[in-house]
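Data block below; observations after.
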Amino acid sequence: MTVRSRHILKDFESALELLRANVLMMASLTDRSLQNAMTCLLDRQSRNGALTIADEEEVDALEKTVDGQGINILLRFQPVAFDLRQVISAMKLSGNLERIADQAVKIAERSQSLNRRPELEEVSALGPIFLEAITLFRDSIRAYGDNDVALARSILPRDKELDEMNRQITRDLTSCMSSNPSRITDYVHLLFIARYMERIGDHAKNIGEDAVYAAEAKDIRHPTNVLVS
Amino acid sequence: MINSSSTSKPAMEDSTSAPESRKPVSNAPEAANPAPAFRSRNLSIFYSNKPAIKDVTLDVPSRKVTAIIGPSGCGKSTFLRALNRMHELVPHTRVEGEVLFEGQNLYAPNLDPTLVRRRIGMVFQKSNPFPTMSIADNVLVGLRLNGVRNRKVLNERLEKSLRQAALWDEVKHDLGKPGISLSGGQQQRLCIARAIAVEPEVLLMDEPASALDPIATMKVEELIRELCAKYTIVIVTHNMQQASRVSDYTAFFFLGNLVEFDGTDRLFSNPKERQTEDYITGRFG
């Protein structure tokens, strides 16, 4: 990782540091929301689901703060090169983090509904998917925080594995619906939760792409799209 | 310090090494590989044996805007002036290497520098209209010195030059007024009109907007973008936002060395050299 000397303008340096700190704070809150949503689902801890829902407002507020700070830096300092990429990627990251926190809230809400019903054996099948989604998310944040391009690039293939896990659980839950129609509403909840986890992986992939852009100025999105030069 | 000739690729040596130019302002198709107007080869210039620029090898693309940036004393103005031998006005100057202008060595012993300067116009930091001359006479002075006397030709060239300099509409009813009666921004555009009246092939600009207010600066920048369809423009500027707005290519000089030369979009988004990044991001020194 390249160590950069400090900027001549202390205000600029401080503004960049504050922006980065707020993004990492958002990531930390989002991580906590995901963990609480996971225990709400897997351990039937509905109170933790309530914590996830409560944290959402703070994440939303931080998203607006990060965007405002980014716009302010662009206006005041007209950054270029690495600095510009830091601002652009921070603003894009905040959007992805807010969406991940949204997914956590949706998982928590559906988990709370499930927790009001008799325990369902198939819930535990979502554990590995949840774990993989959270790991992807954490790695994407670590890649961004450490400018770790290799880690960031590893997220794309792992997201495809998560997609495959989601397809498998969808098939399993669909067959459960036909064999146990009395719990069809609960299985629908589980199908949606699996879908939210898959979306978390997509956002982690986006963050990984932004981390590569921030570190190397390379746009690795949509590698197979022939319309993308 | 990284040696310029080893790190900076000449812009137009081959299609694979040419840096990316920004998209043209108009929708006209961009020439795939414009020929260089200037080729400096291992150019060094000394003032009283002190090197101002060292071993600079750089191709200046034709009909494009090339910005030269760098801290004070880095040699950017010296390089600019070397392109029309203006630096020779400083006593005790010595040149090594060569500058080819459309294939001809500007420093060939039998070459008359005044002939060079007719083909390569220059605009300076401070607008300098001739104080005793009218607006029209300021524009036409170069043509008259070249012996043009035909009234019709002079009138046509006067209007054309002022139109190209985006000044015609503002002064067409006041052509007899003194040039120095204009505002600072108008005076600078008058100087640009004077420079292009003799129909040079190149315009060299040494911080042409540094003494202007933001609106006048934007007018000069817009003019530069319009003029580059017809002229090769080389601009020295301390204003990096200006360099990124108006130029297609940018060269970064430091301590007399050419550190990096690339397409402006690339140099300002992902410079190759650490020194360039430190300078443009304000982490210098």
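Only residues that are closer than 21 Å to A:E209 by Cβ and either within 14 Å of another protein chain (Cβ to nearest Cβ) or under 14 Å from the mean Cα position of the chain (by Cα) (or both) were counted across region A:61-73, and they come to 1.
A count restricted to region B:195-220 and to residues that are under 19 Å from B:L83 (Cα atoms) and assigned to a helix (DSSP H, G or I) stands at 2. State all residues of region A:1-35 that are polar (S, T, N, Q), within 13 Å of chain B (Cβ to nearest Cβ) and farther than 23 Å from A:L151 by Cα; if no residue qualifies, say none. Passing the criteria: only A:S5. Only one of the numbered conditions (1) in contact with a helix residue (DSSP H, G or I) (Cβ under 7 Å, 6 or more places away or on another chain); (2) closer than 28 Å to A:M177 by Cβ is not met by A:D43, and that is (1).
Selection of first residues in region B:184-201 that are without any contact (Cβ under 8 Å) to a residue 40 or more places away in the chain and of second residues that are in a loop (DSSP other than H, G, I, E, B), restricted to Cβ pairs under 6 Å at least 6 apart or on distinct chains, gives the following pairs, ordered by first then second residue: B:G185/B:L212; B:R189/B:A165; B:R189/B:L167.
Among residues of region B:111-166 being touching a strand residue (DSSP E or B) at 6+ places or on another chain (Cβ under 8 Å) and among the aliphatic types (A, V, I, L, M), the one that is nearest to B:D213 (Cα to Cα) is B:V123. Restricted to region B:29-71, and to residues there that are touching a Ser or Thr at 6+ places or on another chain (Cβ under 6 Å) and part of a loop (DSSP other than H, G, I, E, B), the residue that is nearest to B:G256 (Cα to Cα) is B:S62.
Counting only residues that are more than 23 Å from the chain's Cα centre (by Cα) and over 21 Å from A:N147 (Cβ atoms), region A:77-112 holds 1 of them.
Quick grid of which residues meet (1) without any contact (Cβ under 8 Å) to a residue 12 or more places away in the chain; (2) more than 8 Å from chain A (Cβ to nearest Cβ); (3) under 23 Å from the mean Cα position of the chain (by Cα):
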position	(1), (2), (3)
B:R245	no, yes, yes
B:A251	no, yes, yes
B:G256	no, yes, yes
B:F268	no, no, yes
B:R283	yes, no, no
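Say whether the condition of being under 17 Å from the mean Cα position of the chain (by Cα) and either modelled with pLDDT of 95 or more or among the basic types (K, R) (or both) is met by at least one residue in region A:164-186. Checked region A:164-186: at least one residue is under 17 Å from the mean Cα position of the chain (by Cα) and either modelled with pLDDT of 95 or more or among the basic types (K, R) (or both). The residues on offer are B:E221, B:E226, B:E277, and the sole one that is more than 14 Å from chain A (Cβ to nearest Cβ), without any contact (Cβ under 8 Å) to a residue 60 or more places away in the chain and not aliphatic (A, V, I, L, M) is B:E221. Taken residue by residue, region A:83-91 has no member that is away from every other protein chain (no Cβ under 14 Å) and surrounded by fewer than 19 Cβ atoms within 10 Å (Cβ to Cβ). Residues considered: A:Q103, A:Q112. Of these, the only one that is over 23 Å from A:N206 (Cβ atoms), crowded, with 18+ Cβ neighbours inside 10 Å and polar (S, T, N, Q) is A:Q112.
Quick grid of which residues meet (1) under 18 Å from the mean Cα position of the chain (by Cα); (2) surrounded by 13 or more Cβ atoms within 10 Å (Cβ to Cβ); (3) touching a residue at least 24 places away in the same chain (Cβ under 8 Å):
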| residue | (1), (2), (3) |
| --- | --- |
| A:S14 | no, no, no |
| A:N36 | yes, yes, yes |
| A:S46 | no, yes, yes |
| A:I53 | yes, yes, yes |
| A:V59 | yes, yes, yes |
| A:L75 | no, no, no |
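The values are calculated or read from the model by the stated rules, or taken from the named source; none is laboratory data. Bear in mind that the values here come from a model prediction, so they are computed numbers and not experimental data. Reconstructed Cβ throughout: ideal geometry from the backbone, glycine too, with neighbour counts over all protein chains shown.
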